[in-house]
Structures are given as C-alpha cells and as structure tokens.
C-alpha cells in the first residue's frame, strides 16, 4: 500500500497530470519536432529554426505551479522568462542582429548599380498587399502591419516590428518569416517564370565598375544621416545596420568586425531563437489567427517578388534590354538566397549567364527597403 501511495505521490508531483490532458501542448511539441526535421534534414534556416523549435518544445512542457515560472506567459524567475524580459521584450536582440548583419553585408553590388535601389523598394509591394489583406481578415492595423513585414523576407525586422506592435502574434510571425525565407528557392522560380519571357530571362548584364574603398566607407554614414533625418524612427534599425557596415568597411578594427560576424551574431541568434520559440505556447499559438498569418505571409512573399519583377520588366524596356528583369525578384531581402535563386534561374535558361552579382544589388537594397518600411509603419502607427 505504501508503495502504491509513493507512486501516486511521484505521479502527482510530476508534470504528467497536467501533460496527459493537454492535447494542445502535444501538438506544439510535434510542431517543434517538425521544425527540427526541416532544419536538420532539409537545411531550412537551421541557425534560427533549431533554437526556435527547442524554445517551442520547452515552453509546451506543462509544469507544476512551483515550476511554472519557466513559462513565458507567467511572471517569475524562470530562465526563459528572464531572457525574454531582458533582451527580447526590450527589442534589444533584433537591433543587435542588425548591427551584426551590417558587418556581414557587402553593399558593393548596390553601389556599382545604384538603380537597383528601386528594385529593392519595388519588392516591398507585398508588404502593402499583406497589410490590406490582413485588415480584411479581421486583424487590427498594428497586427496587420506586423504581418505585412513578412513580405520583406527579413527575419530580424519582422521580429522587431512584431515585438513592438503585436507581441501576442510574435511566434507565428517569426516562424512564418523564417520558414518562407528558407523556401525562397521554391517560391521565387514560379513567380519569375510566370512574369518573364525566355528572351528576358536570357538577358546578359554587363559587368559593373568596382567602387572605391572611400565610397564604401561614406555610404553607411550618408545613409544613416539622410534616412535618420527624413525618418527618425529608422535610426534604431538603419543606424545599427550602417554602424556594423562601417566597422567592417573601415578596415581598422578587424577584431570588432570579426566579433560582430562571429561570436556576437551567434550568441544573439541563440537567445533570439529560444525566446521567440518560447512564445509558441499552445494557448497562444493554436488559434485560427496563426493559420491566417501563415497564409498572409506566403502571399506577402509572393507579391513582393512579383513587385520586384514587374519593375525589372519596366527597366528592361527602358534600358533597351540591358537589365535582366529576373534580378527584381532578388529584392526580397533573404540575403543571399534570393540572389542565388535568380542566378540558378538565369543559368537554367543560359548556362553562361552569370547574374549573381547584379542580383545582389537589389538583394541588399531589399534589406534597406524593409527596414525603412518597418520604420515608416512604426512612425505612422505608434
């Protein structure tokens, strides 16, 4: 009898009484495992999907009341709560990520072909489409703005604006953004082939003149000042992106540049992924709104690529056939996957056509475009 009583005591103090009837938690743990499979087996954005999936699994293990502080939604001193409140809720991690991304980004292809700035801007078309669709789906204007930014294909920006304007749907937005970023090689080709002719796709572009080191050093300073003055709310994102880029381009602080490109971005990615994943508790994630967000994210992505290709076709006509319209699809800022996909599509039609560097121009322009679009939305809606 005492043995049975002891077993019952162990059962009552474990998480099993909470876990067994919690079908929602079981579903979310399966979702976390699926994300791990996508990241490990299919290489879908493993650097972020792995910590996100682990955070999702951790937060969906039902805990007794004395241990409930590990849940993000509960006040307490649990590890995930501390990390979330300290660095993700305060929006520090996306901003630090932009500093690191600046040190990882080479803006030379954009500076060599300044006109590709316009392609990066045109690729924000999906952001506007998704915002209007989200409003028709019943989301409020701030939630719609956060969902729309998925179309920019920039994970840190999507997380930043979601945390600031719609933290209740942060998990769904982050998973949607990074999932579609990893699916760039699948999403972009159909859009490109539907909107361009074989003649356009086989267009070869001339090699651009390289820019000087002075130009590359002046660029982040000029962009920070111009965009910061015109749109002060953009300083957090654009300012940090350009600061990281200047640290790299000046060539005098290699230790700082290496830290941004390696240790700091890796540490930041771990904590960002874990805390974003920990917002995927079953009670918050398993809602009809999540399915709507995933659908809207796909539409935003597809329309962004279409917007870039549409302007690319116009440039093709105005340039007398010197600009390959496919590079407009690289305006979605999934760097460098978008540019690589355009390169593969170009060589599919003409094995001797090399479009990687021309496509990198609108690709990095898309990073700037998405950050500016997010900052404009924050300024308008805050």
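The values are calculated or read from the model by the stated rules, or taken from the named source; none is laboratory data. These figures come from a predicted structure and were not determined experimentally. Positions of Cβ are generated from backbone atoms using ideal geometry, with glycine treated the same way; all protein chains shown enter the neighbour counts.
Give segment 326-345 a look and list any residue that's surrounded by fewer than 24 Cβ atoms within 10 Å (Cβ to Cβ), under 10 Å from residue 184 (Cα atoms) and modelled with pLDDT of 90 or more, or say none.
Across segment 326-345, the qualifying residue is only 340.
Please tell me if residue 196 is buried (at least 16 other Cβ atoms within 10 Å of the Cβ) and over 29 Å from the mean Cα position of the chain (by Cα).
Answer is no for this residue.
Count, please, the residues in segment 313-372 that happen to be within 21 Å of residue 182 (Cβ to Cβ), assigned to a loop (DSSP other than H, G, I, E, B) and out of contact with any helix residue (DSSP H, G or I) (no Cβ under 6 Å at 6 or more places or on another chain).
Number satisfying all stated conditions: 1.
State yes or no: is residue 114 surrounded by 20 or more Cβ atoms within 10 Å (Cβ to Cβ) and closer than 23 Å to residue 247 by Cα?
no
Being in contact with a helix residue (DSSP H, G or I) (Cβ under 6 Å, 6 or more places away or on another chain) and over 16 Å from residue 102 (Cα atoms) is the requirement here; does residue 192 meet it?
yes
May I ask you to verify whether residue 252 is without any contact (Cβ under 8 Å) to a residue 40 or more places away in the chain and under 30 Å from residue 195 (Cα atoms)?
No; evaluated as a whole, the condition is false for this residue.
May I ask you to list the residues in segment 137-157 that are assigned to a helix (DSSP H, G or I) and touching a residue at least 40 places away in the same chain (Cβ under 8 Å)?
Selection gives 141, 142, 145, 147, 148, 149, 150, 151, 152, 155, 156, 157.
Output the residues belonging to segment 219-244 that are exposed (fewer than 15 other Cβ atoms within 10 Å of the Cβ) and in a loop (DSSP other than H, G, I, E, B).
Across segment 219-244, there are no qualifying residues.
In this structure, is residue 255 over 30 Å from residue 28 (Cα atoms), modelled with pLDDT of 90 or more and either in a helix (DSSP H, G or I) or under 24 Å from the mean Cα position of the chain (by Cα) (or both)?
yes
Taking the options 153, 130, 172, 145, name whichever one is at pLDDT below 90 and more than 15 Å from residue 287 (Cβ to Cβ).
Answer to the selection: 153.
Of 286, 295, 291, which residue is surrounded by fewer than 22 Cβ atoms within 10 Å (Cβ to Cβ) and in contact (Cβ under 8 Å) with a residue 40 or more places away in the chain?
286
Please tell me if residue 275 is over 22 Å from residue 110 (Cα atoms), modelled with pLDDT under 95 and not in a helix (DSSP H, G or I).
no
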